[in-house]
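Written out below as structure tokens is the structure these notes cover.
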Amino acid sequence: MAGRFITIEGSEGVGKSTNLAFVCDFLQRRGIEVERTREPGGTPIAEAIREVVLADHAEALGPDTEVLLMFAARAVHLANRVRPALAAGRWVVCDRFTDATFAYQGAGRGVDPEWIQGLADHVHPDLWPDCTLLLDAPPAIGRDRAAKRGEPDRIEQEDNTFFERVRGAYLARADREPRRFRVIDATAPLEEVQQEIGGVLAALVERLG
Ligand code: TMP
């Protein structure tokens, strides 16, 4: 049986890593084989692209290049890691996917969403997540938390208005696809957040498992 594809999205400091670990643990306890991964990244080549896209450079790295690098990383990640895992029946739990390109490069950087959609249609016409957990919090709260983690990467250095646009785009996508997205209030105490995520996953295992 083919596996399932779960993605976790949200802007900086919303608790993606902690909750990603919770999701993997929850599924594994139910006997599901899990492949945890991330974008950009997840394979040696995709991780090398991640380094390029998130590092500070002396030369400009424009929005179009950013989009193409995200999709280059995505294409190799899908081919060499995600699709083989799904074919083997594992559940892939991925930290970010194409929704992030619409939010960050589309809404954040002002790249034409139709071009992004075109690239998505080319790279993964047949594959979208079965479920996307969107951890939502106002940028000011998330960025306070993210700042405590140390040096921001090239994208994290953007200002609050950028992250307002990112958040707005995520919420708009969730609105348009209510069956795929679950919006989780990431400002709630962690225990409540995880109770809600647990409920979503239990229903998913019941429906798709
Ligand atoms: P993260 O692993 O901490 O979420 O860092 C990844 C960074 O890359 C984050 O700032 C969001 C950004 N990103 C994009 O801008 N577009 C994308 O398509 C993806 C997958 C990530």
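The values are calculated or read from the model by the stated rules, or taken from the named source; none is laboratory data. Here the structure is a predicted model, which means the values were calculated and not measured. Cβ coordinates were reconstructed from backbone atoms using ideal geometry, including for glycine residues, and neighbour counts include every protein chain displayed. To get the accessible areas, we keep the full protein, side chains included, count just its heavy atoms, and leave off ligands, DNA and RNA. Shrake-Rupley method; radii C 1.70, N 1.55, O 1.52, S 1.80 Å.
Checking the structure you have, find out if any residue of segment 25-35 is open to solvent by 10 Å² or more (accessible area, probe 1.4 Å), out of contact with any strand residue (DSSP E or B) (no Cβ under 6 Å at 6 or more places or on another chain) and hydrophobic (A, V, I, L, M, F, W, C). Yes, there is a match, as at least one residue in segment 25-35 is open to solvent by 10 Å² or more (accessible area, probe 1.4 Å), out of contact with any strand residue (DSSP E or B) (no Cβ under 6 Å at 6 or more places or on another chain) and hydrophobic (A, V, I, L, M, F, W, C).
Which one of these does Glu66 not meet: (1) within 11 Å of the ligand (Cβ to nearest atom); (2) touching a strand residue (DSSP E or B) at 6+ places or on another chain (Cβ under 8 Å); (3) assigned to a helix (DSSP H, G or I)? Condition not satisfied by Glu66: (2).
Residues of segment 88-113 being near the ligand (Cβ under 9 Å from one of its atoms) and part of a loop (DSSP other than H, G, I, E, B), which ones? Arg96, Phe97, Arg109, listed by residue number.
Hey, can you tell me all the residues within segment 114-143 that are part of a helix (DSSP H, G or I) and either loosely packed, with under 13 Cβ neighbours inside 10 Å or at positive phi (or both)? Listed by number, the residues that qualify are Glu114, Gly118, Asp121, His122, Ala140.
The listed residues are Ile49, Ile32, Ile45, Ile8, and the only one of them that is assigned to a loop (DSSP other than H, G, I, E, B) and either at pLDDT 95 or above or not charged (D, E, K, R) (or both) turns out to be Ile32.
Taking the criterion of being over 18 Å from Val111 (Cβ atoms), in contact with a helix residue (DSSP H, G or I) (Cβ under 8 Å, 6 or more places away or on another chain) and either hydrophobic (A, V, I, L, M, F, W, C) or open to solvent by 60 Å² or more (accessible area, probe 1.4 Å) (or both), the residues of segment 61-79 that qualify are Val76, Leu78.
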